[in-house]
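Each remark here refers to the structure printed beneath this line.
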Amino acid sequence: MKQGFRFAILALTGAGLLAGATAWAEGTPSNGRERFFLKRQNCPWTEEMGKAIYDCVKANDGFNAHWCHNDALDKYCPADESAVPHPPAPETEKKG
């Protein structure tokens, strides 16, 4: 009973540390993925994109659907840099 409790506490502590480290990391992949999709948010869906995704998923035995979708967007949708909100530049102190 005591070993199970110790293991549970150890597992919760480890999970908390991993979650905290992920939350504090700068430049996490989720930001990159978000920018990827924001740049392509105005891209119209085409039959060619659907066929490419279908062929990709079929070639991978039904796996990697997200990867196939992302590849199709990257191939058929040009990136629109103006669609991504850029953070404002830091203000410099004005002396004078």
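FYI, it's all coordinate maths here, none of it is from the lab. All values derive from a computational prediction rather than experimental measurement. Here the Cβ is made from the backbone with ideal geometry for all residues, glycine too, and neighbour counts use every protein chain on show.
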If the chain between residue 41 and residue 3 were fully extended at 0.36 nm per residue, the gain over the current Cα-Cα distance would be 8.6 nm
When 56, 77 are ranked with the fewest other C-beta atoms within 10 Å first, the list becomes 56, 77
Placing each pseudo-label 7 Å from Cα in the direction of the beta carbon, residue 66 and residue 34 end up separated by a distance in nanometres of 1.6
Cβ-Cβ cut-off under 12 Å around residue 38, Lys and Arg +1, Asp and Glu -1: the net charge is +1
Projected area averaged over all directions for the convex hull of the alpha carbon atoms of the range 45-85, nm², comes out at 3.2
For residue 55 and residue 13, extending 7 Å from Cα along the Cα-Cβ vector and measuring point to point gives, in nm, a value of 5.4
